[in-house]
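Note sheet for the following structure.
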Amino acid sequence: MDMHTVVVGTSGTTAEDVVAVARHGARVELSAAAVDALAAARLIVDALAAKPEPVYGVSTGFGALASRHISHELRAQLQRNIVRSHAAGMGPRVEREVVRALMFLRLKTVASGHTGVRPEVAQTMADLLNAGITPVVHEYGSLGCSGDLAPLSHCALTLMGEGDAEGPDGTVRPAGELLAAHGIAPVELAEKEGLALLNGTDGMLGMLVMALADLKNLYTSADITAALSLEALLGTDKVLAPELHAIRPHPGQGVSADNMLRVLAGSGLTGHHQDDAPRVQDAYSVRCAPQVNGAGRDTLDYAAVVAGRELASSVDNPVVLPDGRVESNGNFHGAPVAYVLDFLAIVAADLGSICERRTDRLLDKNRSHGLPPFLADDAGVDSGLMIAQYTQAALVSEMKRLAVPASADSIPSSAMQEDHVSMGWSAARKLRTAVDNLARIVAVELYAATRAVELRAAEGLVPAPASQAAVAALRAAGAEGPGPDRFLAPDLAAADTFVRDGRLVAAVEPVTGPLA
């Protein structure tokens, strides 16, 4: 476990801190300012709770039941009931890192001092994270409006010592047992606290932040594989010249072109258009790689802006304002996050699609400019990488289905009180699948392109130094080079891991310098 400590203050958090807590087990502490803000806001809630006038979330029911004024003696039961009834998720468990991100981001909002939660509840939230206790959260239950209600409710249930949770050893046990084993007292929720623990976009935001981290690596990796494919196809690197991209100044396009140009520096394979099979131009999948990859990069940048705004937000309803007012609002609506989650699924699908087109070109003897059919050792006896491309095509087809936006849908709920919802959680869940698939798709292109580059080298053409570094590192990782047919799945799995964990980028950067 990483002993790095993340301090939660009153002004939000960073994407880096989310990843550190969710994936790397960083410890969490509340700042002194956060504790003071929590205490000050709680005084305001307590004062309102003592008044005879009903205040939504403090002394009323919730959603379509907000018209009922709840008496003092029933309010603790009300808070317990909202957590228990809303912990209604179904389906498979979601991943540990998603739940940790969800818990941490809810703590971030609580610590802002705008929710009215007591300091001791916030400290218990931090204690759960630090103990490695992860509530069991299910795939289905959030409409992305009024927050990720069911997922957050399962987390709040664990705070109460109820339901099931996973311990640091990976074993699922009753939450009360896990809390007792770590010396953590279950919380007794007071006015407004149940609602405050459920009412946020934390699940979809956490998945957005982690997807952005993964996609940054995959886009750089895809620039590298595009360069390798261009090289293996004896393409021209003239289309990557910075002066060409300067006259269409989309930032991501220039970055991708520069990455590719640096990978290809010193190649003896580029620029053979007028040899035995003359070409005026390369195919779109080769020539337009910077335009497609770059447009995706620009979409990532926009999504990161939205994520940054949300990371600085306090999402709850009602909220405690600095002047002491407690006001209802609609800030829990997930539309801003849901839209960018869907945008990312679209660009990931298109990136996967262009990767597959280059792979297919490498395998087709009619379009590969002299490479053997399917990059096979003895075509006919050997099938080479024929079915690797089938697998890649199946992944691309699924990516296209996953690109259908979830945020364009809405199903009314809560007796039409919540009559327009974002479906942001669903957008986030399908994006996670899309990101996983994209890593596999890039890995198949890498595997094909490195084999093709090696076959060119066997003909006496010298690949770029960065290409040679990529080939050597991939082979060392367990993905073998050209030769007779063999059990291919282990090689593809090795290539997938090699791309996914950033080793492809790390392999070429000592030659190219840092790639964007």
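A compact table of results
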quantity	calculated
Accessible heavy-atom area order of Thr201, Thr5, highest first, probe of 1.4 Å	Thr5, Thr201
Distance histogram in 5 Å bins (all Cα pairs of region 366-442, percent per bin)	3, 13, 15, 13, 11, 10, 9, 7, 6, 4, 3, 3, 2, 0
Largest to smallest accessible area among Ser368, Ser407 [probe 1.4 Å]	Ser407, Ser368
Relative contact order (%) - region 240-391, alpha-carbon pairs under 8 angstrom, separation at least six	17 percent
Whole-angstrom Cα spans of region 435-508 along principal axes, big to small	37, 28, 18
Per residue accessible area of the chain, 1.4 Å probe, in Å²	39 Å²
Axial C-alpha extent at least 27 Å, average Kyte-Doolittle at least -0.5 - helices from the chain (DSSP)	202-232, 289-311, 335-363, 424-458
Rounded if a/c under 1.5, otherwise prolate or oblate - the chain, Cα gyration tensor axes	prolate
With DNA, RNA and ligands ignored, accessible area of Asp409 (1.4 Å probe; Å², nearest 10)	70 Å²
Where trypsin sites (Lys or Arg not before Pro) fall in DSSP loop in region 335-381, at most 14 other Cβ within 10 Å	Lys365, Arg367
Label-point separation, Gln417 to Glu53 (7 Å along Cα→Cβ), nm	2.0 nm
Prolate/oblate/rounded label for region 10-124 (Cα gyration tensor, a/c 1.5)	oblate
Sorted peptide list for 204-212, 118-126, criterion being average Cβ within 10 angstrom, highest first	204-212, 118-126
Part-to-part distance (alpha-carbon centres) for region 35-89 and region 223-267, which is given in Å	58 Å
Length-normalised contact order for the chain - Cα pairs under 8 Å, 6+ apart - percent	16 percent
Estimated [θ] at 222 nm from DSSP helical runs (n ≥ 4, -39500 (n - 2.57)) normalised by residues in the chain, nearest 500	-18000 deg cm²/dmol
Extension gain (nm, one decimal) between Ala493 and Arg96, 0.36 nm per residue minus Cα-Cα	140.7 nm
Cα-based shape type of region 232-383, given that a ≥ b ≥ c are square roots of the gyration tensor eigenvalues and the cut on a/c is 1.5	prolate
Theoretical FRET efficiency, 1/(1+(r/R0)^6), r = Cβ-Cβ of Ala312 and Ala472, R0 35 Å, to 0.05	0.20
Convex hull per residue volume in Å³, alpha carbons only, for region 299-446	116 Å³
Within the chain, percent of DSSP bridges classed antiparallel, to nearest 5	70 percent
Taking region 1-86 and dividing mean pair separation by its residue count, relative contact order in percent (alpha carbons under 8 Å, at least six apart)	20 percent
Rounded percent of accessible protein surface that carbon and sulfur make up, the chain, 1.4 Å probe	57 percent
Given charges at beta-carbon only (K, R positive; D, E negative), |dipole| of region 163-215 in Debye	60 debye
Burial order of peptide ranges 225-231, 340-346 (average beta-carbon count within 10 Å, highest first)	225-231, 340-346
Alpha-carbon Rg with Dmax, taken over region 183-280, Å	24.5, 80
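The values are calculated or read from the model by the stated rules, or taken from the named source; none is laboratory data. Because the structure is a prediction, the values reported are computed rather than measured. Methodologically, a virtual Cβ is constructed for each residue, glycine included, from the backbone with ideal geometry; neighbour enumeration extends over all protein chains shown. Each accessible area value is taken on the protein alone, full model and side chains, heavy atoms only, with ligands, DNA and RNA left out. Shrake-Rupley method; radii C 1.70, N 1.55, O 1.52, S 1.80 Å.
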